[in-house]
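J.: Below you will find the structure I want to go over with you.
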Amino acid sequence: MNEFAERGAPDADVDVVVVGAGQAGLSSAYHLARAGIGHVVLDHAPRPGGAWQFRWPSLTYGKVHGMHALPGMELTGADPLRPSSEVIAEYFAAYEDRFDLRVHRPVDVSAVRDGADGRLLVESRVGTWSTRALINATGTWDRPFWPRYPGQELFRGRQLHTANYPGPGGFAGARVVVVGGGTSAVQHLLEIAEVAAETTWVTRRPPVFRDGSFGEAEGRAAVALVEDRVRQGLPPRSVVSVTGLPLNEAVRAGLASGVLARRPVFDRLTRTGAAWADGSRVDVDVILWATGFRAAIDHLASLRLREPGGGIRLEGTRAVRDERIHLVGYGPSASTIGANRAGGAAVREIHRLLARTPADVR
């Protein structure tokens, strides 16, 4: 909702502030409400839907890689041919209404700082909230990663990132290089190849394709690998990065046709295209960087949560350097099912923290 007068107005004291209203934030808010813990949810997006509302139109719901229902309300009867941005945005909006999760939006949180008496100050242009604990559920969509290569500033063609991918129509008749070894890169290539004059796929490492079933045991092993990095204070990798690329019918066809014939990433860019150390070149009209995202946590900088390795070390969802801070949807809880479970775990720890006196907390 866009008004603050009813509940959790800025410049008020609350027990918990949740930053972000995607899967992780809504799951956390659901568990906070069930536990009877006073809270507010702040979201910078203009409407419900989390990052899903910004996905490209050709990413239909049937193509979504593992969307898990939010706690307490299944997503049923969705048309697999509708854009996922519409399906999931409508589901999130209905979820907010069903459980009376009064999300304040649009609110851009600029900083979280230490306040008086062991509290945290959550600052934004519309005001400041004072809170005893914070659940950060900001995800990664707002921090697309653009790698740097020699000559990048000289390239005269168009460069764009998955974050502003318009769908295949914007590449008709173009010579396109897609950079990246993840699921998005593969989906982009399979779509673009149908309308482009030529496509080239480049990755830093050879892609690993996963054939066969991916069960609960395999999922736990993949999450454990991501969790181990977070425990070490290293920047998390996505769960998908350690599971490999699923071999479905479309991917098999792309491999057979040569669309998914991968080349090593180029060494430099030129005015007209890409060049490799062996002297080979391709002329290019568009470079699409499907190079992933990084955690959107710059607003936590003043709390000095990062480790020397560059990441935030967690025990479960709790920041090791500050027990008032929980990160949900970060590292091992970045998957949709992981975010649901992590939201409940974070709330259980926060419940115990709130039972202590503020002087004992930090």
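The values are calculated or read from the model by the stated rules, or taken from the named source; none is laboratory data. If you're wondering where the values come from, they're calculated on a predicted model, not measured in any experiment. Here the Cβ positions follow ideal geometry from the backbone for every residue, glycine too, while neighbour counts run over all protein chains shown. Just so you know, the surface numbers come from the protein's heavy atoms only, side chains and all, with ligands and any DNA or RNA stripped out. Shrake-Rupley method; radii C 1.70, N 1.55, O 1.52, S 1.80 Å.
J.: Quick check: Cα centre of the range 117-159 to Cα centre of the range 192-206, how many Å?
T.: That distance is 29 Å.
J.: Using the 2.2 N^0.38 Å rule of thumb for compact globular proteins, work out how the chain stacks up: its C-alpha Rg over that value, please.
T.: Working: Rg = 21.7 Å, N = 362, 2.2 N^0.38 = 20.6 Å.
This ratio for the chain stands at 1.05.
J.: In nm, to one decimal, how far is the Asp114 label point from the Ala69 one, both placed 7 Å along Cα→Cβ?
T.: Those two pseudo-labels are separated by 4.5 nm.
J.: Assign one of three labels to the range 84-233, namely rounded, prolate or oblate, based on the Cα gyration tensor with a ≥ b ≥ c the square roots of its eigenvalues; rounded applies when a/c is under 1.5, prolate when it is not and a/b is larger than b/c, and oblate otherwise. All intermediate terms of the calculation are to be shown ahead of the outcome.
T.: Working: a/c = 1.80, a/b = 1.61, b/c = 1.12.
The shape class here is prolate.
J.: Where the accessible area of the chain is counted over protein heavy atoms with a 1.4 Å probe, how much of it, in %, is carbon and sulfur?
T.: Details: 8430 of 16940 Å².
Result for the chain: 50 percent of the exposed heavy-atom area is carbon or sulfur.
J.: Could you compute the FRET efficiency for Arg143 and Glu307, with r as their C-beta to C-beta distance and R0 at 22 Å, rounded to 0.05?
T.: Numbers: r = 18 Å, r/R0 = 0.84.
That gives a FRET efficiency of 0.75.
J.: Here's a follow-up. Restricting to bridges with both residues inside the chain, how much of the DSSP beta-bridge set is antiparallel, in percent to the nearest 5?
T.: Taking every DSSP beta bridge within the chain, about 40 percent pair in antiparallel fashion.
J.: Can you give the net charge of the other residues whose Cβ lies under 13 Å from the Cβ of Arg205, counting K and R as +1 and D and E as -1?
T.: On the way: positive: Arg204, Arg237, Arg262, Arg263; negative: none.
Taking every Cβ under 13 Å from that of Arg205, the sum is +4.
J.: Rg over Rh of the range 126-206, using C-alpha atoms and the Kirkwood radius, what does it come to? Don't skip to the end; give the middle numbers.
T.: Numbers: Rg = 17.6 Å, Rh = 15.4 Å.
Result for the range 126-206 is an Rg/Rh of 1.14.
J.: Leaving out ligands and nucleic acids, and using a 1.4 Å probe, what accessible area per residue does the chain come to in Å²? Let's see the in-between values first.
T.: Details: 16940 Å² over 362 residues.
Dividing the accessible area of the chain by its residue count gives 47 Å².
J.: Sketch the reach of a paramagnetic label on Arg156 as a point 7 Å from Cα along Cα-to-Cβ, and name the residues of the range 243-275 whose backbone nitrogen lies under 13 Å away.
T.: So the set is 270-273.
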